[in-house]
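So the structure is just underneath, and the comments pick up after that.
The values are calculated or read from the model by the stated rules, or taken from the named source; none is laboratory data. The shown structure was predicted, so the numbers you read here are calculated from the model rather than taken from an experiment. Cβ placement follows ideal geometry from the backbone for every residue including glycine, while neighbour counts extend to all protein chains displayed.
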Amino acid sequence: MRKILYIILAVSLLTGCKQETVLITEPADYVTTMVGTLSEHSFSTGNTYPAIALPWGMNFWTPVTGKMGDGWAYRYDAHQIRGFEQTHQPSPWINDYGQFAIMPVRDAAMVDQDARASWFSHLSETAKPYYYQVYLADHDINAEIAPTDRAASLLFTFPESETSGIIVDAYDEGSFIKVLPEENAIVGYTTRNCGGVPENFRNWFVVKFDKPIEGYTVYAGPAKAIEGAEFEGDHALAVVTFKTARGEKVNAQAASSFISLEQAWTNFKEVEGKCFAEVRDEAKARWNDVLGRIQVGGGTDDQYRTFYSCLYRSVLFPRKFYELNEEGKAVHYSPYNGQVCDGYLYTDTGFWDTFRCLFPLLNLVYPSVNAEIQQGLANIARENNFLPEWASPGHRGCMVGNNSASVVADAIVKGVNNEDLETLYECIVYGTEHVHPEVSSTGRLGHEYYNSLGYIPYNVGIHENVARTLEYAYNDWCILQIAKKLNRPQEEIEKWASRASNWKNVFDPSHNLMRGRNLDGTFQEPFSPYKWGGAFTEGNAWHYTWSVFHDVEGLMEEMGGREEFVEMLDSVFVVPPIYDDSYYGYRIHEITEMQVANMGNYAHGNQPAQHMIYLYNWAGEPWKAQKWVREVMNRLYKATPNGYCGDEDNGQTSAWYVFSALGFYPVCPTSDEYVIGTPLFRKAVVQLENGCSLTINAENAAGDNQELHPYISKMKMNCTNWGHNYLKHTDLTDGATIDFTMSATPDKSRGTEIEDRPYSFSREK
C-alpha cells in the first residue's frame, strides 16, 4: 500500500506541478556575431559584419576580408584576412568613414594589403560581441580583440621570428602617420569616407604597444618606404618591428577621436593600464547587463541564440559620436558644421528603417539611451537647419520620407524626451517646407506639390512619389502629436490633422491598392501592382498599400470594409512572387529575397512590409496575424551566417524579431500602443529602467512545441481577462504581468469586436 502511495505521489509531482522556467543569465554567450555575414551584392542574408564593440559604442572593430574601401568588409565565404579594422560602417550600401587597420605579420616586409593577407578558418575563429579571436595561418599568429566605447585592446601571440611586425594602415584618400619610438606608439589620422563629412574631417588615432619598438618603417603608399618617422599624403602606413620568441604576446592598444589627437589620447584612458583580460571581461559584463534587460526562458538553444543575436544587433546603432573631454564633459565634432560642439550626438542610422520598431524598442527598454539620442537631435537642429533622415556621420542621400518626425514624436509621447521640444518642433516643421540643398533625401523632396495638392504627382520627375506621399502623411500625423503636446495654435493642429489623411489621394479604389497619380488627378497608366520602384521605394503596390500606420481603419473603409481588407491581406500571400523590375533595369536583391522566402509577394526582407502581418488585428481575425508572425520567426530568422531574409538594416529587422518574440509589436510608433502577435518563449522578463518589470508568461508557447502552438486561446493582463488586440505603453512601463495560454488551433471568437481594434486616426474624427 505504501509503494502505491509513493507511486501516486511521484506521478502527481510529475504531472501536476509546473517546473519553474529558468531564465537566461549570461545572454552575451548566446550571441552569434556572424549572423548575416554570408551576404553579397546580389543576395543579402543580413549584409552585416562581426562587430566587436560595446552597445552603441563610437568605434567598432572587425576582421577585414575585403579590399580597402570595400563595403563588404567581411564575408563569411572568404578565406583570407587582410587586417583588423576600426570601422564605423552602418551598412555596405552606405559604406564607411574614418577607418584604419592594424595587422600583425611575421615578416615586416609584408605591408601591402594583399601581401599581408593570411588564410584562416572558421574552425579557428571565435566571434563574440566582446571578444574576437582568429588564427592567422600564414603568419602563425593568434589575434584577439576586446573593445571599449572609443578604444580597443588587440593581443597578438607571435611565433619565433627576427622580423615580427605590426602594420598600422591609415588608408588612402588622405592620411597621416607618425611613429613615436620613445613612447612605443604610432599616431596619425585618416580622412577616408564615403560622404557626410565636412572638408576638415579627421579621425585621429593612437596605437600603443606594450613591447618596446625595436625598429620601424614609414611608407608613402605600400610600395614606397621613406626616410623619417612620419608621412602625410594620400596613403600613410607604418610598420613597427620586434624580435619575438614563440608564444610571445604583444598588446596593441588603440583609441581614436574625431576631435583631435589630444582627445584621442584622452580616449586612450579607456584601456590604459588594463591588461587584455580586464578589457575583455569588462566588455562582457557590459553586454550581459544590456542584453540582460530582457531575460527569456522556456525555449530552445537555437531560439535563445537567435533572440540574443537579434537583440545584440538592436543595440549597436545608432552609435555614439560624442566623446568625453578631460573634465568628463560630453563634446562632439559636428559633421553638420565642422565645429567642435558641446553635448551628445549619435549617428549611423537610417530613420526610414529604424523608426518602425528600433526606436520604439529603445523607448521601452533603454529610454535613457534614446534620451541622449534626442538631445543629440536637438544639437543637430542647432548646428544646421535639418534633422537627418539618413546619417553617416552627417546627412547622406538615401531612402525617402521625413521619419525624423516619427523618431522625435515617439520619444515625446512616451515621456522619454521632455527637453528642447520647441527646437525640435521648429526644425521638423522647417523640413516639411524645404529640401536640403545637397542631400535631397533630407527634408521633403516634392514638398511644393505635397503641400498644395496633397500628394506628389507621378509625372513630375520625382521618383518614388507614392512612397513619399504615404510617409509624409504619416509624418504629418506624428507632427500633429507634437503640436498637441506643445499646445500649438489651433490652425497648426488643423493643418497637420488634414495632411495626415493625404494618403487617401494615392489610393485607387478600383484596385484597392496605392497607385501613382498624375498632376491632373488621373492615375498612372499603365499600372502593375508587381512593378518595383517607380512610384514606390524598394517595393511594389502590394507592399506599400499597407503603409498607413496611423489609420488602418481608414484604409479598411476605403477598401470597402473588413472582408475586402482581409481578402487583400490574404492575397499578398496567395499571389505568386512575380515581379516587374523595369524601373531598375535589373533584379535588385530585395526582389530575390522576396522570391526565395516562398511567401507569395510578402517581402519581409525589406521594411515596408514588415508590419503588414499585424494588420489582421484591426479586421477581427487576429489569429491570422499569430499564424504569420510565428511562421516568419520560425523560417526567416536563424542564428547562422545566412540567418536574415534581407538586409538587417541597423537593428530594424532584428528589433522586429525581438518585439515579435515578446508577443507584441509597435505598428504605429507615436500611438502609445503595441499590437499583439504571438509570444515565442514560455517566459520573458523585461527589466525596465524605472525599476518596474514586465513579465510575460506563455503556457505551451516555447521549446520544441512552439511551432504547434502559435495561437492565443486565453490572455490576461494583470490577472484580468484581456480580449483586446493591443497593449498600452503606459500600462507596460508601470509594471505588468501578461499571461498567455497558447493553442494549436485558433480561437476565432477572441479579439473580434470593434473595441478590440488598436488605434486608428479615423476614430478621432
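Within the range 702-731, the set of residues being buried (at least 19 other Cβ atoms within 10 Å of the Cβ) and either modelled with pLDDT under 95 or over 18 Å from GLY298 (Cβ atoms) (or both) comprises ALA702, GLN706, HIS709, TRP722, HIS724, ASN725, TYR726, LEU727, HIS729. Residues in the range 247-254: is at least one at pLDDT 95 or above, within 30 Å of ARG192 (Cβ to Cβ), more than 29 Å from the chain's Cα centre (by Cα) and surrounded by 19 or more Cβ atoms within 10 Å (Cβ to Cβ)? Yes, the range 247-254 contains a residue that is at pLDDT 95 or above, within 30 Å of ARG192 (Cβ to Cβ), more than 29 Å from the chain's Cα centre (by Cα) and surrounded by 19 or more Cβ atoms within 10 Å (Cβ to Cβ).
Among the residues of the range 348-361, the ones that are in a helix (DSSP H, G or I) and more than 21 Å from TYR425 (Cα to Cα) come to 3 in all.
Would you confirm, using the coordinates I've provided, whether ARG587 is basic (Lys, Arg), outside any helix (DSSP H, G or I) and surrounded by fewer than 24 Cβ atoms within 10 Å (Cβ to Cβ)? Yes: the conditions hold for ARG587.
When ILE696, ILE754 are screened for being in contact with a Lys or Arg (Cβ under 8 Å, 6 or more places away or on another chain) and hydrophobic (A, V, I, L, M, F, W, C), only ILE696 passes.
Being under 17 Å from ALA151 (Cα atoms) and part of a loop (DSSP other than H, G, I, E, B) is the filter here; which residues of the range 321-342 pass it? Within the range 321-342, PHE321, TYR322, ASN325, GLU326, GLY328 qualify.
Confirm whether ASN650 is within 30 Å of ARG75 (Cβ to Cβ), surrounded by fewer than 19 Cβ atoms within 10 Å (Cβ to Cβ) and in contact (Cβ under 8 Å) with a residue 40 or more places away in the chain. No. Looking at the range 254-265, is at least one residue at negative phi, free of Cβ contacts under 8 Å to residues at least 40 places away in the same chain and not β-branched (Val, Ile, Thr)? Within the range 254-265 (the criterion being at negative phi, free of Cβ contacts under 8 Å to residues at least 40 places away in the same chain and not β-branched (Val, Ile, Thr)), the answer is yes, since at least one residue qualifies.
Using the structure shown, decide if ILE479 is within 17 Å of GLU764 (Cα to Cα), surrounded by 23 or more Cβ atoms within 10 Å (Cβ to Cβ) and among the aliphatic types (A, V, I, L, M). Considered against the rule, which asks whether it is within 17 Å of GLU764 (Cα to Cα), surrounded by 23 or more Cβ atoms within 10 Å (Cβ to Cβ) and among the aliphatic types (A, V, I, L, M), ILE479 comes out as yes.
Scan ASN634, ASN650, ASN617 and give me the residue that is in a helix (DSSP H, G or I) and touching an Asp or Glu at 6+ places or on another chain (Cβ under 7 Å).
It is ASN634.
Of the residues contained in the range 506-515, none is found to be surrounded by fewer than 16 Cβ atoms within 10 Å (Cβ to Cβ), more than 23 Å from TYR665 (Cβ to Cβ) and charged (D, E, K, R). Would you call ALA151 in contact with a helix residue (DSSP H, G or I) (Cβ under 8 Å, 6 or more places away or on another chain), small (Gly, Ala, Ser) and within 28 Å of LYS320 (Cβ to Cβ)? Spelling it out, ALA151 is indeed in contact with a helix residue (DSSP H, G or I) (Cβ under 8 Å, 6 or more places away or on another chain), small (Gly, Ala, Ser) and within 28 Å of LYS320 (Cβ to Cβ).
Looking across THR148, THR163, THR157, THR126, one residue alone is among the β-branched types (Val, Ile, Thr) and either outside the structural domain of GLY69 (by TED's automatic domain parsing) or free of Cβ contacts under 8 Å to residues at least 24 places away in the same chain (or both). It is THR126. Scanning the range 562-588 for residues that are under 17 Å from ASP508 (Cβ atoms) and over 32 Å from the mean Cα position of the chain (by Cα) yields a count of 2. Would you check if VAL331 is of a type in the set (Val, Ile, Thr), touching a residue at least 60 places away in the same chain (Cβ under 8 Å) and over 26 Å from TYR130 (Cβ atoms)? Yes: the conditions hold for VAL331.
Checked across the range 713-724, the condition of being over 22 Å from LEU615 (Cα atoms) and outside any strand (DSSP E or B) holds for at least one residue. Of ALA655, ALA625, ALA661, ALA684, all but one fail to be crowded, with 24+ Cβ neighbours inside 10 Å and assigned to a strand (DSSP E or B); the exception is ALA684.
Applying the set (1) in contact with a strand residue (DSSP E or B) (Cβ under 9 Å, 6 or more places away or on another chain); (2) part of a helix (DSSP H, G or I); (3) over 27 Å from THR354 (Cβ atoms) to GLY751 leaves exactly one unmet item: (2).
Is it true that ASN184 is under 30 Å from CYS398 (Cα atoms) and not aromatic (Phe, Trp, Tyr)? Against the criterion (under 30 Å from CYS398 (Cα atoms) and not aromatic (Phe, Trp, Tyr)), ASN184 does not qualify.
For the range 698-716, state whether one or more residues are under 29 Å from ALA371 (Cβ atoms) and either aromatic (Phe, Trp, Tyr) or touching a strand residue (DSSP E or B) at 6+ places or on another chain (Cβ under 9 Å) (or both).
The answer is no, given that none of the residues of the range 698-716 is under 29 Å from ALA371 (Cβ atoms) and either aromatic (Phe, Trp, Tyr) or touching a strand residue (DSSP E or B) at 6+ places or on another chain (Cβ under 9 Å) (or both).
Of all the residues in the range 138-185, those that are more than 30 Å from TYR346 (Cβ to Cβ) and not in a strand (DSSP E or B) number 9. Evaluated against (1) surrounded by 18 or more Cβ atoms within 10 Å (Cβ to Cβ); (2) assigned to a loop (DSSP other than H, G, I, E, B), THR217 falls short on exactly one condition, (2).
Considering the range 637-647 alone, what residues qualify as being touching an Asp or Glu at 6+ places or on another chain (Cβ under 7 Å) and surrounded by fewer than 21 Cβ atoms within 10 Å (Cβ to Cβ)? Listed by number, the list holds a single entry, ALA639. Of all residues in the range 377-431, those that are in a helix (DSSP H, G or I) and among the polar types (S, T, N, Q) total 4. Would you check if LEU680 is in the same structural domain as SER309 (by TED's automatic domain parsing) and within 15 Å of LEU364 (Cβ to Cβ)? So LEU680 fails the test. For the range 608-663, a residue qualifies if it is more than 26 Å from GLU125 (Cα to Cα) and of a type in the set (Gly, Ala, Ser), and the qualifying residues are ALA609, ALA619, GLY620, ALA625, ALA655, SER660, ALA661, GLY663. Taking the criterion of being β-branched (Val, Ile, Thr) and not in a loop (DSSP other than H, G, I, E, B), the residues of the range 186-197 that qualify are ILE186, VAL187, THR190.
Kindly indicate whether any position in the range 409-419 is touching a Cys at 6+ places or on another chain (Cβ under 6 Å), at pLDDT 95 or above and crowded, with 17+ Cβ neighbours inside 10 Å. Yes - at least one qualifying residue is present in the range 409-419.
With the structure loaded, tell me whether TYR472 is in a helix (DSSP H, G or I), under 19 Å from VAL429 (Cα atoms), in the same structural domain as GLU567 (by TED's automatic domain parsing) and in contact (Cβ under 8 Å) with a residue 12 or more places away in the chain or whether it fails that test. Against the criterion (in a helix (DSSP H, G or I), under 19 Å from VAL429 (Cα atoms), in the same structural domain as GLU567 (by TED's automatic domain parsing) and in contact (Cβ under 8 Å) with a residue 12 or more places away in the chain), TYR472 qualifies.
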